[in-house]
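K.L.:
I'd like to ask some things about the structure below.
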Amino acid sequence: MGEFLLVTVQVDMHDRLAMALQDDLTERIVANHARGVLIDISALDVVDSFIGRMLGNIASMSRVLDAETVVVGMRPAVAITLVELGLALPGIRTALSVERGMQMLRSGISGHQRSVFETGPDDRQS
Amino acid sequence: MEKSKIDTNSNSLAALLAGNEAAVLERWRSSLVSDNGSRRSGIREADLNRQSGEFLAAFRAAIERDAAGNIQGSAWDQTRGILSDISREQASQGATASEVATFIFTLKEALFGLVQIEFADDPQRVAQEVWNVSRILDRLGLLTTDIALKNREETILRQQNEMLELSTPVVKLWGGILALPLIGTLDSERTQVVMESLLDEIVRTEAAIAIIDITGVPTVDTLVAQHLLKTVAAARLMGAECIISGIRPQIASTIVHLGVDLGGVSTKATLADAFAMALLRSGLGVCRIEAPRKSSSGQ
């Protein structure tokens, strides 16, 4: 999708699959000059600490390659599990749906610490 | 016939009962009825008669199969079942646990009398049988107490669950803005329920902002703060931002004194402030509508 990469996780992530995803994604970011990565995990209903960490790693790597990562469509059960595991994924930006995630990427987000709400008013002013 | 059974020590009681069930029942009922007058809760005589009949029949059947009186054994299954029904029935009519136990203990009088008459020429035997009857009935009496306690615990648990559900409403304030007014202490179990209902509601309403109002939370210690932060983190993972509101001055000072780090969570003193902030973040605002001419002239 233009300068954005869209990753949809359709099956349960094994550790190896997650590693493969990480490698593929970094290569594609470089090849496509992508500026944003959208990871849709709405089909994922089981996570463990490894997958949680993997998501964090992918976000950090993309950032190094100057691409923002937005994780969208996380299920309530998955969110609770990650929080209980102590993995609140502070570096990752999240959105409820693919649409909102794309909106987030399009609005030219900058600085991963800022939330979409903090950027919201700025966008309207500009 | 009874003479032959007396030698097989263990089954004498069963044989005695088999021969004199009607008499025992009669005597038990009369002492139950006279006892009933002194109870605070009047259980109807017809009920008492039916319950005593049922119980004695089951008791006799059980003791025939297991004279040792191992009331946890399979021989006593039916007796235990009937006893718990009776116990439940009486409790629902307002009987206390001790009153239900007394119901069983009253049977002793009738049985002791029977034993006494039957073995009048053998005092040692009387003592032995009395001891035997007493032991079994004591166990059954205690069982009713256990049943009463269990019933009460079930009630408490059910009410606790109802309270959990009652106390965690998630309300929609505006399109995309949810509020979660928390009332009462937050323990880990409640946090779980709160978190689940909030996250489900976020998915359902596609909310982007959730306001957690803690006006009704009496104290915020490190544990409660941790639970709050967990909820906030989970909502964030779902793509919704959280605002904590309703922080009273004492709670603010407690939080600071405890060294609790509320991190990057936005906090507001009142729900109104939080709502205004949420509207602003969604690009909305509240404005005064043009006052109608009539009322403006009156001002």
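The values are calculated or read from the model by the stated rules, or taken from the named source; none is laboratory data. Values in this document were obtained by computation on a predicted structure and should not be read as measured data. Note that each Cβ is placed from the backbone with ideal geometry, even for glycine, and that neighbours are counted across all protein chains shown. For accessibility, only protein heavy atoms count, side chains too; no ligands or nucleic acids. Shrake-Rupley method; radii C 1.70, N 1.55, O 1.52, S 1.80 Å.
K.L.:
Kindly indicate which of B:129, B:118, B:109 is more than 30 Å from residue B:275 (Cα to Cα), over 30 Å from the mean Cα position of the chain (by Cα) and open to solvent by 80 Å² or more (accessible area, probe 1.4 Å).
P.N.:
Of the residues listed, the single one that is more than 30 Å from residue B:275 (Cα to Cα), over 30 Å from the mean Cα position of the chain (by Cα) and open to solvent by 80 Å² or more (accessible area, probe 1.4 Å) is B:109.
K.L.:
How about segment B:31-129: which helices (runs of 4 or more DSSP H) wholly inside it have at least 2 residues that are touching a residue at least 40 places away in the same chain (Cβ under 8 Å) and closer than 14 Å to residue B:13 by Cα?
P.N.:
The qualifying helices (runs of 4 or more DSSP H) are B:45-65, B:97-118.
K.L.:
Tell me whether segment B:257-264 contains one or more residues that are within 14 Å of another protein chain (Cβ to nearest Cβ), within 28 Å of residue B:189 (Cβ to Cβ), open to solvent by 60 Å² or more (accessible area, probe 1.4 Å) and part of a loop (DSSP other than H, G, I, E, B).
P.N.:
yes
K.L.:
Take segment A:35-54 and flag every residue that is farther than 28 Å from residue B:190 by Cβ and open to solvent by 60 Å² or more (accessible area, probe 1.4 Å).
P.N.:
Once the filter is applied, which keeps residues that are farther than 28 Å from residue B:190 by Cβ and open to solvent by 60 Å² or more (accessible area, probe 1.4 Å), segment A:35-54 yields A:35, A:53.
K.L.:
Residue B:228 versus (1) touching a Leu at 6+ places or on another chain (Cβ under 8 Å); (2) at the interface with chain A (Cβ under 10 Å from one of its Cβ atoms): which is the lone unmet condition?
P.N.:
That leaves (2) as the condition not met.
K.L.:
Right, residue B:271: under 37 Å from the mean Cα position of the chain (by Cα), open to solvent by 70 Å² or more (accessible area, probe 1.4 Å), more than 30 Å from residue A:40 (Cβ to Cβ) and not charged (D, E, K, R) or not?
P.N.:
no
K.L.:
Considering only residues that are open to solvent by 10 Å² or more (accessible area, probe 1.4 Å) and in contact with a helix residue (DSSP H, G or I) (Cβ under 8 Å, 6 or more places away or on another chain), look in segment A:55-73 and name the one that is nearest to the other protein chains (Cβ to nearest Cβ).
P.N.:
The residue in question is A:73.
K.L.:
I'm trying to understand the selection: among the residues of segment A:16-34, which are within 25 Å of residue A:76 (Cβ to Cβ) and open to solvent by less than 60 Å² (accessible area, probe 1.4 Å)?
P.N.:
A:18, A:21
K.L.:
Same structure, new question: Tally up the residues in segment B:164-187 that are loosely packed, with under 13 Cβ neighbours inside 10 Å and either modelled with pLDDT of 80 or more or aromatic (Phe, Trp, Tyr) (or both), please.
P.N.:
3
K.L.:
For segment A:35-50, state whether one or more residues are over 23 Å from residue B:195 (Cα atoms), within 14 Å of chain B (Cβ to nearest Cβ) and in contact with a Lys or Arg (Cβ under 7 Å, 6 or more places away or on another chain).
P.N.:
Scanning segment A:35-50 turns up no residue that is over 23 Å from residue B:195 (Cα atoms), within 14 Å of chain B (Cβ to nearest Cβ) and in contact with a Lys or Arg (Cβ under 7 Å, 6 or more places away or on another chain).
K.L.:
Next question. I'm told residue B:206 meets every condition in (1) open to solvent by less than 50 Å² (accessible area, probe 1.4 Å); (2) within 11 Å of chain A (Cβ to nearest Cβ) except one. Can you identify the failing condition by its number?
P.N.:
It fails just one condition, (1).
K.L.:
Is it the case that residue A:88 is within 8 Å of another protein chain (Cβ to nearest Cβ) and not in a helix (DSSP H, G or I)?
P.N.:
Yes: the conditions hold for residue A:88.
K.L.:
Residue check: is residue B:225 buried (at least 17 other Cβ atoms within 10 Å of the Cβ) and either in contact with a His (Cβ under 8 Å, 6 or more places away or on another chain) or at pLDDT 90 or above (or both)?
P.N.:
no
K.L.:
Shifting gears a bit: In segment B:203-237, what residues are under 22 Å from residue B:281 (Cα atoms), in a loop (DSSP other than H, G, I, E, B) and among the hydrophobic types (A, V, I, L, M, F, W, C)?
P.N.:
If the condition is that a residue be under 22 Å from residue B:281 (Cα atoms), in a loop (DSSP other than H, G, I, E, B) and among the hydrophobic types (A, V, I, L, M, F, W, C), then B:207, B:208 are the ones that fit.
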